[in-house]
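Q: Take this structure, written in structure tokens, and hold onto it; I'll ask about it next.
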Amino acid sequence: MNVRTIAGLAREGGVGVETVRFYQRRGLIPTPDRWSSDGAGGVRRYGEDDVRRLQFIRSAQVAGFTLEQIKELLSLDAGEDRIRARELAAERLAALDRTISDLEQARTALRRLAQACQSKDTGPCPIIAAFQGEQT
């Protein structure tokens, strides 16, 4: 079994040690017992399952899932809970669609402002005026 310290786990997961601890406090990653050859104190050791779990969390975050949703996904059984996993994915897709729509509207508005700014060299800049709430 390949074991690592919390620093090694964090490095393999592409996060900082404090992020791993934060995930532990949120119940996303278990906190192992301290291990020592002499029975005193010791260091926590993390295995391959912990690495996979951390990678799952990071991938789910990239997809836009909240930590609460990720916690629920982690609790689901891959073979038995497909319906709930699909529901969570559908909710996330709907939220992404809304975000994409909002971003497309923002891009259209900004493009219009940039063109208006480029079209004349005198008077107030339409971009700055728009952000200040002024009418151009």
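Each value in this text was obtained by applying a stated rule to the coordinates, not by laboratory testing. Model, not experiment: these values are computed from the prediction. All Cβ positions, glycine included, derive from the backbone under ideal geometry; neighbour counts span all protein chains shown.
Q: Compare the Cα positions of LEU93, GLY42, SER75 along the charge dipole of the chain (+1 at Cβ of Lys, Arg; -1 at Cβ of Asp, Glu; about the Cα centre) and return the one farthest towards the positive end.
A: In the chain, that residue is GLY42.
Q: Something else now. Take SER59 and ARG111, extend 7 Å from each Cα along the Cα→Cβ direction, and tell me the distance between the two endpoints in nm.
A: Those two pseudo-labels are separated by 3.5 nm.
Q: Same structure, new question: Multiplying the sequence separation of THR31 and LYS120 by 0.36 nm and subtracting their Cα-Cα distance, what value in nm do you get? Please list the in-between numbers first.
A: Working: separation 89, 0.36 × 89 = 32.04 nm, distance 6.17 nm.
That works out to 25.9 nm of additional length.
Q: Within the set of other residues whose C-beta is less than 12 Å from the C-beta of THR5, count the net charge using Lys and Arg as +1 and Asp and Glu as -1.
A: Working: positive: ARG4, ARG11, ARG34, ARG44, ARG45; negative: GLU12, ASP50.
Net charge in that neighbourhood comes out at +3.
Q: Kindly give the semi-axes, whole Å and largest first, of the ellipsoid equivalent to the chain, taking each as the square root of 5 times a Cα gyration tensor eigenvalue. Intermediate results must be reported in sequence, preceding the final value.
A: On the way: eigenvalues 447, 93, 23 Å².
Semi-axis lengths for the chain are 47, 22, 11 Å.
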